[in-house]
Each structure stands twice: as structure tokens, then as C-alpha cells.
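Everything below concerns the one structure shown next.
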Amino acid sequence: MGRYHFVFPRWSNLLLPAIIVFALTAPPYVVFMVAWGFSPKTTDVGYMPTQPVPFSHAVHAGELGIDCRYCHNTVEYTAMAAIPPTQTCMNCHLQVHPDSVKLKPLFESYETGMPVEWIKVHDLPDYAYFNHAAHVNRGVSCVECHGRIDTMEVVHQVEPLSMKWCLDCHREPQPHLRDPDLVTQLEWGWAMTDAERIAEGTKWAEINQLQPSQDCSTCHR
Amino acid sequence: MSSGPKRQSDFLLWKLPRGFFYVAILMTCAALIPPALIIRARSTPRDSRRIHLIQNMDNQPKYKGQQQNILFRDNRAMRQPVPGTVARSQMVGDTHFHLGTVDGSYATTYPSQVTVDMDLLKRGQERFGIYCLPCHGAIGEGDGPVHNRAMMLLNLAPSVSNGTTWVQPKNLREEAIASQSVGQLFFTISNGKNNMAGYAAQIPVADRWAIVAYVQALQVAGDASNESVPGADSLPEHRIVMDEDVTEAEVDEDKEGNGS
């Protein structure tokens, strides 16, 4: 036999279109997956740590109807909506379910003075400044940022808490505003149509003359 | 070269080596894994902290409220005031305003810092709704939702109710309390009484006076005769009937909720 000549088989003509198709789909695929997968809506929303005491907002805030401010009583005065101290639970639990195993860490804390080590669910980066009083007193309800806490057995994060999310509302707060007296009524407004809700929000934006700031120094100070 | 059926040889795809098909199928399957993982992450809550590849000064070496600092024995980064010291805002200069006492006995008048008007009563109503209603009920009769729930628990075996005991919250409109001075009411709210805890830590001083004013308004309203309400003759006798309906409906609901 003569010298061997390599000849591309005929099917290799297919490789060119295959490469083009791959080159056109792969980069958008990667970009899309990174944007979708690393978005705070994927990485942050749904964080639901197991707390040392199986405290249920659905029972306390929902069924028993205790107002958020009974426990988070600093929310109207300060930047922070503090987690209640052990004493607040003891107002009731010295008498209700005192021997419950679920409440053991609470009673240990009551006797020793050591804090109950609740795990923080909503956690902004340390370089961002947030203020509860500024929002709550101007008619932004807990439900806009924390969801229906009063139906949750275990608290989890429902909003991304990203900078885009903050700014979306600061640019157009109308659909999220209400009477400042109703901020802890989480079920308020759910039966309204969008148009009614926006009309109501627009009314309160005017009454309280709200103009949320978009300056960097508002939130990065 | 023998000529086979022309059609078949034209259809190049079938001439590709098998390996190409396997690789293509594998890659398509592999490409479906990330979206599946992402959809799962988006739809189910999870217990683990977010993965934090780039730290971005998210956690700075400083302490914010209620954080942990293991340098201290109680792990609290927030320190308690040194014993014997008083923060400026917590100064008790005026016992009438801050403690509800004048010369060692309960004050019988409102302190000068408080003006009793409609705004104060409105504030008191709102604050009463937050801090007192769970036990004492909307109009102070001692039948709040927590009381109702506790009574239900008392009917259960101690092993289910975990040793629940319960003293009924007082009916704030009964004579023994209606005859108390404003100072004594303020003192009870601040420091508690027997089985009721004090609310000084939860309610600022001015709001406690607003609650006192509202409790007094409830007491007056409870004894009010029809003549003292303008136009009362034309009002239908609704209120009492409604109240009973509501409590019965609530209790029924609670029972059902518990049984299921």
C-alpha cells in the first residue's frame, strides 16, 4: 500500500455547525446560571435556622394575636428591632407551660442570667445602615420586608434584602405604604386590588410627605 | 467504493461516531443539574448560612446590638450599666412622674408632664391594645385571648399543659380597681402585682401614664348610664350581644383548633 493520507471523514462537516451552536448557547447559559444562582433571591431568601427554643410566631402573633411591639418593643424608637429579653417571655411563661421541655433553655437563662442564644435570620452586611424606626413610623409595615411572620412556625427570610430591593422601594414606595397606625396589622390590605392598594399608599405618601432618599450616604455612612 | 442507497449516505448525522452522541447527551443532562439545584434552593427553606465566597467587609471587627462577644462571661457584647450608676435618660428626679408616688404614698393626680386630652387617650388605647389586651381583654374585663387559651390548657391533663397554672387577670372595671388612685395604677403597671409582671422595661414612662388614663376612661365608660351618651336613645342595643357572640365563636374555634 502507498503512503497513508489522512482524510477528514464526511461527517466532520457537521462539527462546524455544532461548534457554532455550542459557542452561541454556552456563554449565555453560564451568565444566566451565575446571575440566577448567585442572586440573593437564591442564596439568601429561605434562610431558616433552627432556633434554640422552638418559638412560634404563628401561635403568639397569629392565634393569640399579640402585637409585634409587645415583644419587639424598641422597633418604633430605635434602629434595631431587638429580640425580646427572657423576662418578656416570663410575663406569661412562669404560669403557662412552665415545665415544657421546649422552654428549658428559657428557664435556664432565667435562672442563670445568661442570654438565650437566638440565631439572627435577617442580617445586612456591616457596611449597610438600616433603621426600623424610620420605616415603621412612616407607614412601612413589617410585612413588606419580613412577609407574613404571623403565619410562620419558624421565621425565615422572604425578601432578598439586596441593595436593588431597598432601592426599588425607595424609588417607588407608593404600593408599600399605609397608615402608620396599622404597620403591625400584617393581614391588612391583602384583600385589596392593586389599584386600591396604590391609591391608599399614594394618600399616605402625601400625608406624611415621604421622599425616601437614594443618596449613597443614607445607607452607607 | 460501492454505491449504497444515496439517501442514507447523505444524512451525515447518522455517520457521526457513537461517542459524539454520548457526549452530547451527557452534556445536556449535566446542563440541567444547575437549574435543578437552583430551583430547589429557591423553593425550600434551608438551615445553613449562605455561602460567602467574597467577604466584601460584610463582617467587620465591630459589635452591633445584641451580638455575641465571648470575652465576657455572659457572652453579651452589650454591657449592663455599672451598679450604682444611672443613665441620663433614666434619671428618677421627679417621683410623681417616674414612680407615681408623692411623699411616699400613691399620687392622686396626674403629674404636670402629662396633659389628659383626647390625644393621650388615643395613645393610651393603642398602647393598652399592645401590652394589656392579651390578658385583660379589649375592654379590660379580664378575658383576653391569652387568658382564654390558658383556661383551655387548665382543662387538659398536666402532662399536656406542662404544669400550667393561671390566675385570672383582674377585671379592670371592678370596684376595687376603679377606686384606686392614678398613682397606684401607674405603680401596678410599672412594677406588677402578685401574678402580674411589671412593664417598666417594655413601656416608656409617658406611655404608662397614657395607659392609666385609658384604663380610667374604660372604668368610667363601664358604669356610664345611657343618659350620659348624647343620642343614646336612638342607639340599638348591640354591644353586649356582639361581645358574647365574639367570645363564644372564639372559644369554639379554639376548641376545634385544639382537637384537630
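The values are calculated or read from the model by the stated rules, or taken from the named source; none is laboratory data. Here the structure is a predicted model, which is why all the values come from computation and not from measurement. Please note: Cβ atoms are built from the backbone with ideal geometry, for glycine as well, and neighbour counts cover all protein chains shown. All accessible areas refer to the heavy atoms of the entire protein, side chains included, with ligands and DNA or RNA removed. Shrake-Rupley method; radii C 1.70, N 1.55, O 1.52, S 1.80 Å.
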Inset, instruction - For segment A:69-79, indicate whether the set of residues that are within 9 Å of chain B (Cβ to nearest Cβ), aliphatic (A, V, I, L, M), open to solvent by 50 Å² or more (accessible area, probe 1.4 Å) and farther than 22 Å from B:Thr164 by Cα is non-empty. - result: no
Inset, instruction - Could you check, for segment B:214-226, whether at least one of its residues is within 13 Å of chain A (Cβ to nearest Cβ) and surrounded by fewer than 14 Cβ atoms within 10 Å (Cβ to Cβ)? - result: no
Inset, instruction - Kindly provide the set of residues from segment A:48-63 that are out of contact with any strand residue (DSSP E or B) (no Cβ under 7 Å at 6 or more places or on another chain) and open to solvent by 20 Å² or more (accessible area, probe 1.4 Å), ordered by number. - result: A:Thr50, A:Gln51, A:Pro52, A:Pro54, A:Phe55, A:His57, A:Val59, A:His60, A:Ala61, A:Gly62, A:Glu63
Inset, instruction - Give the residues of segment A:177-221 that are free of Cβ contacts under 8 Å to residues at least 24 places away in the same chain, open to solvent by less than 80 Å² (accessible area, probe 1.4 Å) and in contact with a strand residue (DSSP E or B) (Cβ under 9 Å, 6 or more places away or on another chain), sorted by residue number. - result: A:Glu200
Inset, instruction - Could you please let me know if B:Ile203 is under 20 Å from the mean Cα position of the chain (by Cα), within 14 Å of chain A (Cβ to nearest Cβ) and free of Cβ contacts under 8 Å to residues at least 40 places away in the same chain? - result: no
Legend entry - A:Leu106 vs. criteria out of contact with any Asp or Glu (no Cβ under 9 Å at 6 or more places or on another chain) and either buried (at least 16 other Cβ atoms within 10 Å of the Cβ) or under 24 Å from B:Arg42 (Cα atoms) (or both): yes
Legend entry - So B:Ser181, is it within 14 Å of chain A (Cβ to nearest Cβ) and open to solvent by less than 50 Å² (accessible area, probe 1.4 Å): no
Legend entry - Scan of segment B:124-146 for residues that are charged (D, E, K, R) and either within 8 Å of chain A (Cβ to nearest Cβ) or open to solvent by less than 10 Å² (accessible area, probe 1.4 Å) (or both), ordered by number: B:Glu126, B:Arg127
Inset, instruction - For segment B:147-178, name all the residues that are over 21 Å from A:Asp67 (Cα atoms), open to solvent by less than 50 Å² (accessible area, probe 1.4 Å) and at the interface with chain A (Cβ under 10 Å from one of its Cβ atoms). - result: B:Leu153, B:Ser161, B:Asn162, B:Gly163, B:Thr164, B:Trp166
Legend entry - Filtered residues of segment A:80-97 (kept if open to solvent by 30 Å² or more (accessible area, probe 1.4 Å) and facing chain B (nearest Cβ under 7 Å)): A:Met80, A:Ile83, A:Gln87, A:His97
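Yes/no per residue for (1) out of contact with any Leu (no Cβ under 8 Å at 6 or more places or on another chain); (2) hydrophobic (A, V, I, L, M, F, W, C):
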{"site": "B:Leu121", "(1), (2)": "yes, yes"}
{"site": "B:Cys135", "(1), (2)": "yes, yes"}
{"site": "B:Glu141", "(1), (2)": "no, no"}
{"site": "B:Asn148", "(1), (2)": "yes, no"}
{"site": "B:Thr164", "(1), (2)": "no, no"}
{"site": "B:Gln184", "(1), (2)": "yes, no"}
{"site": "B:Gly192", "(1), (2)": "yes, no"}
{"site": "B:Ala201", "(1), (2)": "yes, yes"}
Inset, instruction - Name the one entry in A:Asp150, A:Asp123 that is in contact with a strand residue (DSSP E or B) (Cβ under 9 Å, 6 or more places away or on another chain), acidic (Asp, Glu) and under 22 Å from A:Thr184 (Cα atoms). - result: A:Asp123
Legend entry - Criterion violated by B:Ser48 - all others in (1) at pLDDT below 85; (2) closer than 27 Å to B:Arg76 by Cβ; (3) open to solvent by 70 Å² or more (accessible area, probe 1.4 Å) satisfied: (3)
Inset, instruction - Could you please find all residues in segment A:111-145 being charged (D, E, K, R) and open to solvent by less than 30 Å² (accessible area, probe 1.4 Å)? - result: A:Asp126
